[in-house]
Amino acid sequence: MEGASSPGMATRSSSTAPPLLLLLTLSILLTSPVHANAGVPAATKPLADHLALAASFREAPAFRNGRGCAPQSDPAAAIHIAMTVDTTYLRGSVAGVLSVLQHASCPENIVFHFLASSPRRLRPIVAATFPYLSFRMYRFDAALVRGKISSSVRRALDQPLNYARIYLADLLPRDVVRIIYFDSDLIVVDDVAKLWAIDLGPHVLGAPEYCHANFTAYFTDRFWLDPAFAGVFEGRGRRPPCYFNTGVMVIDLERWRQGGYTGRLEGWMRVQKRRARIYELGSLPPFLLVFAGAVRPVEHRWNQHGLGGDNLEGLCRDLHPGAVSLLHWSGKGKPWLRLDARRPCPLDSLWAPYDLFRRHGSDDLFANS
Ligand SMILES: *[C@@H]1O[C@H](CO)[C@@H](O)[C@H](O)[C@H]1NC(C)=O
């Protein structure tokens, strides 16, 4: 399961990418008047797209720290949150960010880390929608995982950006030692500082566990019948271990880096791709293989998951019993699509207040998502 060399290399190259891209952008902008006589310059079309996209979201208000918050300048007070952004799920990511800010007691201390395949295209949109937000954007190179992805039961699960969470420890700067990872189809309805503050104990990763879920079903017979595979969970307590969802995770990035966890996850992806089909879903099973049974359990209120229904039909689901700090539309159905189609599930109305998308704007933007 070794072999963490490729992500390390990719990190170094991607960290030099932004200045290079910036230079390229500048040179295109600077040289475009020269081409203006020869019809529409190539550079104005993407520029127009940027503006149309940026204008498709309303501007979020400023959220200010309450009394008793440490000053924003204190790095020890920062809460780091990572999410992916792409055009398909942008509307969901924007709603997620807004929900976090709205319920935070110290919103100005939150730093967002966005992973994107095309940061140049998405950065201006995020900046225009959240003018007061502390955020950094990182380029996630889809080529890093494309050769490692095997097709799953649902196309959306095979998107390279789904795998970006595996590379957080490599992409984010070393001084970020803890991160909360959030999927783009969730809203937070509680102070995220509470989740941030959880004690990970000796663990690398914290997440709500679901011990009643049928863990066996996440892997194939081929996996369970081969002791070399199935034995991976030995020494991790309960057998089979409890399922957890990778849409909400608190990760100790320092321990992750020291333990070479990116390489371990990639190792299982290689097994799946080259040796034997051991699971059917996308980026989730490798996480289960590496961490299940060894995660710090987090209260269930922090991932009321499955609101999108199952992976095949996207039927309406109810909340699990208990308190709610986070609502997660995992599964096939997404609230913005169901609301637009005027076939919402009852709980989709809880997502709607965080929707910053301008309905009358370029509606076709998300039509084929
Ligand atoms: C769990 O899933 C496996 C594999 O899909 C199935 O054979 C088994 O019957 C399921 N167990 C329960 C308790 O549903």
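The values are calculated or read from the model by the stated rules, or taken from the named source; none is laboratory data. Keep in mind it's a predicted model, so treat the numbers as computed, not measured. Cβ sites come from the backbone with ideal geometry, for glycine too, and all protein chains shown count toward neighbours.
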Check: Among the residues of the range 218-239 satisfying the criterion of being small (Gly, Ala, Ser) and either in a loop (DSSP other than H, G, I, E, B) or surrounded by 12 or more Cβ atoms within 10 Å (Cβ to Cβ) (or both), which is farthest from the ligand (Cβ to nearest atom)?
Finding: GLY235
Note to self: Among the residues in the range 207-216, are any in contact (Cβ under 8 Å) with a residue 12 or more places away in the chain, crowded, with 19+ Cβ neighbours inside 10 Å and within 16 Å of the ligand (Cβ to nearest atom)?
What the structure shows: yes
Item checked: Checking THR262 against (1) modelled with pLDDT of 95 or more; (2) away from the ligand (no atom under 16 Å from the Cβ); (3) in contact with a strand residue (DSSP E or B) (Cβ under 8 Å, 6 or more places away or on another chain), the condition it does not meet -> (3)
Checklist line | Only listed residue being crowded, with 19+ Cβ neighbours inside 10 Å, away from the ligand (no atom under 16 Å from the Cβ), modelled with pLDDT of 95 or more and of a type in the set (D, E, K, R), chosen from ASP199, ASP183, ASP175, ASP191 | finding: ASP183
Next item on the list: Inspect the range 298-314 for any residue being under 14 Å from PRO208 (Cβ atoms), of a type in the set (Gly, Ala, Ser) and buried (at least 20 other Cβ atoms within 10 Å of the Cβ) and give the result as yes or no.
Entry: no
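Per-residue answers, yes or no, for (1) within 22 Å of GLY96 (Cβ to Cβ); (2) touching a Phe, Trp or Tyr at 6+ places or on another chain (Cβ under 9 Å); (3) of a type outside the set (Asp, Glu):
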position: ASN245; (1), (2), (3): yes, yes, yes
position: TRP256; (1), (2), (3): no, no, yes
position: GLY260; (1), (2), (3): no, no, yes
position: GLY263; (1), (2), (3): no, no, yes
position: ARG270; (1), (2), (3): no, no, yes
position: TRP302; (1), (2), (3): yes, no, yes
position: ASP318; (1), (2), (3): yes, no, no
position: GLY331; (1), (2), (3): yes, no, yes
Checklist line | Any hit, the range 139-158, residues being among the hydroxyl-bearing types (Ser, Thr, Tyr) and at pLDDT 85 or above | finding: no
Checklist line | Unique match (being among the charged types (D, E, K, R) and either within 16 Å of the ligand (Cβ to nearest atom) or surrounded by fewer than 17 Cβ atoms within 10 Å (Cβ to Cβ) (or both)) among ARG155, ARG165 | finding: ARG155
Check: Cβ-Cβ below 8 Å, separation at least six or inter-chain, first residue in the range 244-261 and more than 25 Å from TRP329 (Cα to Cα), second surrounded by fewer than 20 Cβ atoms within 10 Å (Cβ to Cβ) and among the acidic types (Asp, Glu): which pairs?
Finding: GLY260/GLU2
Notebook entry, point to check: Taking the condition within 24 Å of ALA62 (Cα to Cα), in contact (Cβ under 8 Å) with a residue 40 or more places away in the chain and out of contact with any His (no Cβ under 6 Å at 6 or more places or on another chain), does TYR167 pass?
Noted result: no
Notebook entry, point to check: Which one of these is under 30 Å from THR87 (Cα atoms) and in contact with a helix residue (DSSP H, G or I) (Cβ under 6 Å, 6 or more places away or on another chain): PRO173, PRO208?
Noted result: PRO208
Item checked: In the range 322-345, the residues that are surrounded by fewer than 16 Cβ atoms within 10 Å (Cβ to Cβ) and either among the aromatic types (Phe, Trp, Tyr) or over 15 Å from GLN304 (Cα atoms) (or both) -> ALA341, ARG342, ARG343
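Matching residues to (1) within 16 Å of GLU266 (Cα to Cα); (2) of a type outside the set (Gly, Ala, Ser); (3) part of a helix (DSSP H, G or I):
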{"site": "GLY92", "(1), (2), (3)": "no, no, yes"}
{"site": "GLY96", "(1), (2), (3)": "no, no, yes"}
{"site": "GLU108", "(1), (2), (3)": "no, yes, yes"}
{"site": "VAL111", "(1), (2), (3)": "no, yes, no"}
{"site": "ALA127", "(1), (2), (3)": "no, no, yes"}
{"site": "PRO131", "(1), (2), (3)": "no, yes, no"}
{"site": "ARG165", "(1), (2), (3)": "yes, yes, yes"}
Check: Assuming ALA367 fulfils every condition listed in (1) surrounded by 14 or more Cβ atoms within 10 Å (Cβ to Cβ); (2) aliphatic (A, V, I, L, M); (3) at pLDDT below 90 apart from one, which condition is it?
Finding: (1)
